[in-house]
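Quick notes on the structure that follows.
The values are calculated or read from the model by the stated rules, or taken from the named source; none is laboratory data. Quick caveat: nothing in here was measured; it's all calculated off a predicted structure. A quick note on method: Cβ atoms are made from the backbone with ideal geometry, for glycine too, and the neighbour counts reach across all protein chains shown. Each accessible area value is taken on the protein alone, full model and side chains, heavy atoms only, with ligands, DNA and RNA left out. Shrake-Rupley method; radii C 1.70, N 1.55, O 1.52, S 1.80 Å.
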Amino acid sequence: YDALGYAKYMVQGGDLGSFVGSMMAQSEPERIIGLHLNFLPIYRDADALAEHPDPTAQKYRKELSSFLKNESAYQLLHSTKPQTLTYALYDSPIGLAAWISEKFSAWSDTNNLGPGTSITRDELLTNITYYWLSGTIGSSIWPYYARALSDWPFSPNKPINVSMGYSEFPREIFRPPIVLAKTVYKNILLWTSMEAGGHFAALEQPTLLANHIRTFLR
């Protein structure tokens, strides 16, 4: 926390960064003036929501159940056999490209990476090339294994009290409603549904995201 010499600062995160930022806010709340997220690390238990009275929670339960049934195989593989998958993907550039581009296609607001997409072919290939040339696909997989062996870090019993802002992008893979977010994030100051974008918001819609962060900071 002291590396850059700032006594107080704001934190922003999406995907794994939302976990890191939320853990920082949880452990050092006196230092953080605000937490901005574009992904919510809310515990994913569809069964636990079965009796929830709020209709937005029921809508989310259906979306979550569908994702866990149809889109979560990669998570199970990452969290149980990370090194086997690492060898397979590092051995084949086609395999690596398929593994990564499938997620860009499914999780971004891109019309299957077709014409007019917010992510260009060059940007996608550049992202894949970073992993290939640096040999870091394995280090991107192993955190899933570590998380599977750990307790979920945030809950109503382990809340985050730092002021929080959230950008809800329409094609994000998990979109818990504010009624659930409030059980963990106790001081939500700004919650905005964005008009476009998905899981890779900083790449897809950098201006929308940056403007929302500035609005939250103000």
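List of remarks:
- Members of region 152-210 that are within 21 Å of K59 (Cα to Cα), modelled with pLDDT of 95 or more and basic (K, R): R175, K182
- T110 meets the conditions (1) of a type outside the set (D, E); (2) within 21 Å of the chain's Cα centre (by Cα); (3) part of a helix (DSSP H, G or I) in every case but one. The failed one is (3).
- Answer from S163, S193, S155 - the residue that is exposed (fewer than 15 other Cβ atoms within 10 Å of the Cβ), small (G, A, S) and farther than 16 Å from G14 by Cα: S155
- Counting only helices (runs of 4 or more DSSP H) that sit wholly inside region 113-218, those with at least 3 residues that are charged (D, E, K, R) are 121-134.
- Positions within region 64-91 being open to solvent by less than 40 Å² (accessible area, probe 1.4 Å), touching a helix residue (DSSP H, G or I) at 6+ places or on another chain (Cβ under 9 Å) and not aromatic (F, W, Y), in sequence order: L64, Q75, H78, S79, P82, L85, T86, L89
- The number of residues in region 35-58 being among the polar types (S, T, N, Q) and open to solvent by 70 Å² or more (accessible area, probe 1.4 Å) comes to 0.
- Flag for L96 being over 21 Å from P156 (Cβ atoms), out of contact with any helix residue (DSSP H, G or I) (no Cβ under 8 Å at 6 or more places or on another chain), of a type in the set (A, V, I, L, M) and part of a helix (DSSP H, G or I): no
- Qualifying residue in region 21-37 (condition: at pLDDT 95 or above, of a type in the set (S, T, N, Q), assigned to a helix (DSSP H, G or I) and within 13 Å of Y166 (Cα to Cα)): yes
- Among residues of region 1-14 being surrounded by 14 or more Cβ atoms within 10 Å (Cβ to Cβ) and not polar (S, T, N, Q), the one that is farthest from Q75 (Cα to Cα) is M10.
- Lone qualifier among R61, R121 - being surrounded by fewer than 16 Cβ atoms within 10 Å (Cβ to Cβ), touching a Leu at 6+ places or on another chain (Cβ under 9 Å) and charged (D, E, K, R): R121
- Checklist (1) open to solvent by 50 Å² or more (accessible area, probe 1.4 Å); (2) at pLDDT 95 or above; (3) closer than 26 Å to L189 by Cβ applied to G17, failing item: (1)
- Here R147, R175 are screened, and the one residue that is under 23 Å from S105 (Cα atoms), of a type in the set (K, R) and surrounded by 14 or more Cβ atoms within 10 Å (Cβ to Cβ) is R175.
- Of residues in region 21-32 being out of contact with any Leu (no Cβ under 6 Å at 6 or more places or on another chain) and surrounded by 13 or more Cβ atoms within 10 Å (Cβ to Cβ), the one nearest to M194 (Cα to Cα): S22
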